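Read the figures in this text as sums done on the coordinates, not as results from a lab. What you see is a predicted model, and the numbers here were worked out from it, not measured in a lab.
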Amino acid sequence: MATAVYSHPDCAWHMMGRGHPECPERLQAIEDQLIASGIAPLIVREDAPLAQIDDLARVHSAEHIAYIEGCAPSEGYAWIDPDTAMNPHSWKAALRAAGAAIAATDAVIEGRYDNAFCSVRPPGHHAEPARAMGFCFFNNVAIAARRALDVHGLERVAIVDFDVHHGNGTEAAFAGDERVLMCSFFQHPFYPFSGAEHQAPNMLNLPMPARTKGDVVRSAIETTWLPRLAAFKPQMIFVSAGFDAHREDDLGNMGLVEDDYAWITEQIRLVAERDARGRIVSCLEGGYNLSALGRSAVAHVRALAGI
């Protein structure tokens, strides 16, 4: 078996205006670095299918789904919030992004791949069950996790979120659900200004001050995430892979580097190999410095594939 990378050209047609940091060039930066690193021949490529409405509805309300579909403009841009816009291609791109996470989940659970990385956009972890925000329309990781639970019958899944921003949408989808353990770190106080207080018992959030470097993050993971994951024994792990905590990324103010993302991924892979038959599905979230994003994503994929 192998590591698969899911993507689709439709994800590049979603645009939110000139100068917007969540841009199509993000996926090209990852692709360029996969080729330059020499690992492209060692992974399997898969096209993302379109998610179905029933797939989205495992997480999102019918009203939210209809609202997002109805907002898609025939030309120009339709703004959902001050940071988040749709163009005529955004609806299809969002279905591809969620569809990649779903297809990767099916393939990994069925044993076709050891694990998978979904190089897709728009991202998802800020999308709440009834609200789009923060560049996100549908919560790709949450949709995939629900499929693993509700369609494939898994009893316990873990979600690891290492984006510089708190995954408020994922937390809103699963807070209090004993089948899910969510482990995250994020810069705080920082957008979306959530996650630090009133945590549900199945949420393990690590708010970090600005300028926190990788050694501090690694120590916190070793003393908090890893024991909790060991006790939980997840049957599958989902990753919200945001690379905007990199020291070169201006949308955050943390100090991680590529080696930190490789180390975090290796810890996740070790947990998965011990408890979850190696099953991991990772979805791209943030990461807006194109060079740092490409390098960090490659470090992540290398660690997933063990190469």
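Segment 29-63 and segment 163-182 have Cα centres lying 21 Å from one another. Taking the DSSP beta bridges with both ends in the chain, the antiparallel portion is around 15 percent.
Taken one residue at a time, the phi angles of segment 234-248 give Karplus couplings (6.51, -1.76, 1.60, θ = phi - 60°) of x, 8, 6, 10, 10, 10, 8, 9, x, 10, 8, 8, 5, 5, 8 Hz. Gly and Pro are set to x.
Using a Gaussian network model of the chain in which every pair of alpha carbons under 10 angstrom is joined by a spring, one finds that among GLN199, GLN267, GLN235 the greatest mean-square fluctuation is at GLN199.
Subtracting the Cα-Cα distance of ASP81 and ALA175 from 0.36 nm times their residue separation leaves 31.4 nm of extension gain. For the chain, the relative contact order works out to 20 percent when only alpha carbon pairs closer than 8 Å and six or more residues apart are counted. Separation of segment 279-299 from segment 224-259 is 11 Å, based on Cα centroids. Screening the chain for whole DSSP H helices with an alpha carbon extent of at least 27 angstrom along the helix axis and a mean Kyte-Doolittle hydropathy of at least -1.0 yields 90-109. Volume per residue of the convex hull around the Cα atoms, evaluated for segment 19-149, comes out as 109 Å³. The HN-Hα couplings worked out from phi for segment 210-218 by the Karplus form 6.51 cos²θ - 1.76 cosθ + 1.60 (θ = phi - 60°) are 3, 6, 5, 9, x, 5, 5, 4, 4 Hz, whole numbers, x standing for Gly and Pro.
Entry note, segment 149-230: relative contact order of 27 percent, from Cα contacts under 8 Å with a spacing of 6+ residues. Considering all different alpha carbon pairs of the chain, the Kirkwood hydrodynamic radius works out to 18.7 Å.
Using a cutoff of 8 angstrom between alpha carbon atoms and counting only pairs six or more residues apart, the relative contact order for segment 8-83 works out to 21 percent.
Under a 5 Å amide H cut-off, with hydrogens placed 1.01 Å from N, CYS118 pairs with TYR6, SER282, CYS283, LEU284 among residues at least 5 apart or on other chains. Amide H to amide H distances under 5 Å link PHE186 with LEU206, MET208, where only residues 5 or more positions off or on other chains count and H is placed in the peptide plane.
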